[in-house]
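The values are calculated or read from the model by the stated rules, or taken from the named source; none is laboratory data. Just so it is clear, the model here is predicted, and its values are computed rather than measured. Backbone-built Cβ (ideal geometry, glycine too); neighbour counts: all protein chains shown. Ligands, DNA and RNA are excluded from the accessible area calculation, which covers all protein heavy atoms including side chains. Shrake-Rupley method; radii C 1.70, N 1.55, O 1.52, S 1.80 Å.
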Amino acid sequence: FPCSDESLFVYDCSSAEKQQDGKGTDKGSDDILAFAFSPSGGYFALTDDNKRLILFRTKPSWECVSVRFVNRRCTSLVITAAEDKIFVADKSGDVYSYSITEPKADGKLELGHVSLLMDVALSADDQYILTADRDEKIRVSLTKAPYSIVSYCMGHREFVSKILVIPNCPDLLLSASGDSTLRLWEYKSGEEVHCCQLSTICGPQATKPDQKYTVSRITYCCQGGYVAILCDSIPTVYVFQLDATAQQLLYKQQISLKHKSWDIAFEEIGDLWILQEDKEAPLLLYRACDGQWKAVTDDKGLQKMSKYIQDNWTVFEGFVGAGSYYSHLYKASFDNMDEYLQRKEKRLQQQKKKKQDLQHGSGGQAKKKMKTEEPSL
């Protein structure tokens, strides 16, 4: 991470404290599973495959504040605007809170779902906590009383992969799903106000007829209301603009890439950064010009950060060419009639075989009985 003195802060998770209480034999890797900055950028937190929650203070300079341990591997986390808590969602469907003001304190269970949690978000004022799960649901709860459910946002037909409360439209929620849609909600009432079918926008470029457009990253720029998304395993960034008055998304542009990308992020001024799996050009920078984002190559910041990433490429190379993160989350689909007929045929064959075995068995017993009962001379 870049520091205020233009040096680079590097933290090696493998050197962090490891759990010593022998709580489990489930040994993980040092891969980072989820991370987030606080809204002001003053704090940064991450969780890794070793079930560590690591908190950093970023100002005036980067420093590690604490290393704590979570109960389950995590899928998402968010830091409050008040910068007093971290909310961590895990694979068992639970959300725990961890204090920032007491950086050594244990986590507190806040709420739970019955299925794997995919994402967690907070309203700008920290009043509402929103959780998205594998079972197509988005739940809205009161942050201070999470057992008090305000609403459900129901409409997706597959797992909800990402959620984002629009920063400058705090009553609107943007969600994405394995059903290849982006949806806008008035989340406090649970009302869907707009649905965008990504297949109608991205379809002409589909490489296969059943191509899915599962959003893996969403980034938002308040200046202009621009939304950029990255879809799982697709080397393209799609850009939309939010019409807050009409409460809808307007498709603006697609940025085709030569390599699959890992992440995207808007700067406050609207510059769009893309991190891709290419050592020769790991970072791309796009800048708005006449309403379109165009590639920038002569930016000193881009050149400097690209050099940093290239020098530390061993951190990234293990993820080059990785498969889909979401493929195992889709609901199983099959032809019910075909399966029924196959099961029926199998059952009939088993019954036929059983009947034949019984007939052969009874015939043999009868012959044996006749032989034993034959009178002796």
Point to revise | GNM top mover of Ser29, Ser261, Ser92 - the chain, alpha-carbon springs below 10 Å | key: Ser29
Exercise for review: Name the residues whose placed amide hydrogens come within less than 5 Å of the amide hydrogen of Thr75, ignoring near sequence neighbours (fewer than 5 apart) on the same chain.
Suggested key: Ala89, Asp90, Lys91
Check your understanding: How high is the relative contact order of the stretch 74-230, given as a whole-number percent (alpha carbon pairs under 8 Å, six or more residues apart)?
Key -> 13 percent
Review point. Which lysines does Lys51 reach when only Cα atoms under 20 Å apart count, and residues fewer than 8 places away in its own chain are ignored?
Key: Lys18, Lys23, Lys27, Lys85, Lys91, Lys104, Lys108
Check your understanding: So what are the ³J(HN,Hα) numbers for the stretch 188-194, from phi and the Karplus equation (6.51, -1.76, 1.60; θ = phi - 60°), rounded to whole Hz, Gly and Pro as x?
Key -> 5, 9, x, 8, 7, 10, 7
Practice item. Using the Karplus curve 6.51 cos²θ - 1.76 cosθ + 1.60 with θ = phi - 60°, work out ³J(HN,Hα) for each residue of the stretch 106-120 in order, rounded to whole Hz, and write x for Gly and Pro. Key: 5, x, 10, 5, 9, 7, x, 10, 8, 9, 3, 8, 9, 7, 9
Study note, to complete from the structure: Farthest towards the positive end of the dipole of the chain, among Ala145, Gln197, Val114 and with Cβ unit charges of +1 on Lys and Arg and -1 on Asp and Glu, lies the Cα of Val114
Study note, to complete from the structure: In degrees rounded to 10, the 0-90 angle between helix 336-372 Cα long axis and the longest Cα principal axis of the chain is 30 degrees
Revision key, fill the gap. Along the stretch 50-57, Karplus-curve 3J(HN,Hα) (6.51, -1.76, 1.60; θ = phi - 60°) to the nearest Hz, with x for Gly and Pro, reads 8, 6, 9, 10, 10, 10, 10, 9
Review point. Under a straight-distance cross-link criterion of Cα-Cα below 25 Å, which lysines are reachable from Lys294, leaving out those fewer than 8 residues away in the same chain?
Key: Lys252, Lys258, Lys260, Lys279, Lys304, Lys307
Revision key, fill the gap. Expressed as a percent, the portion of alpha-carbon pairs in the chain spaced more than 33 Å apart is 40 percent
Point to revise | Those trypsin sites (Lys or Arg not before Pro) in the stretch 95-150 that DSSP places in a loop and that have at most 14 other beta carbons within 10 Å | key: Lys104, Lys144
Practice item. Report, in degrees rounded to the nearest 10, the 0 to 90 angle that the Cα long axis of helix 300-311 makes with the longest principal axis of the chain. Key: 40 degrees
**Study point:** Largest-first ellipsoid semi-axes for the stretch 18-106, taking √(5λ) over the Cα gyration tensor eigenvalues, angstrom
**Key:** 21, 14, 12
Check your understanding: Gaussian network model of the chain, Cα springs within a sub-10 Å range: biggest mean-square fluctuation belongs to which of Gln197, Gln350, Gln253?
Key -> Gln350
Practice item. Would you please give the residues with an amide H less than 5 Å from that of Thr80, counting only those at least 5 places away or on a separate chain, with H modeled from the backbone geometry? Key: Lys85, Phe87
**Study point:** Three principal axis lengths of the stretch 114-157 [C-alpha, angstrom, descending]
**Key:** 29, 18, 17
Check your understanding: So which residue, out of Arg217, Arg347, Arg157, gets the largest mean-square fluctuation from a GNM of the chain using Cα contacts under 10 Å as springs?
Key -> Arg347
Point to revise | Spatially proximal aspartates and glutamates relative to Lys300 (Cα-Cα < 13 Å; intrachain offsets below 8 disregarded) | key: Glu6
Exercise for review: Calculate, for the stretch 132-177, the solvent-accessible area per residue in square angstrom, rolling a 1.4 angstrom probe over the heavy atoms of the protein chains.
Suggested key: 39 Å²
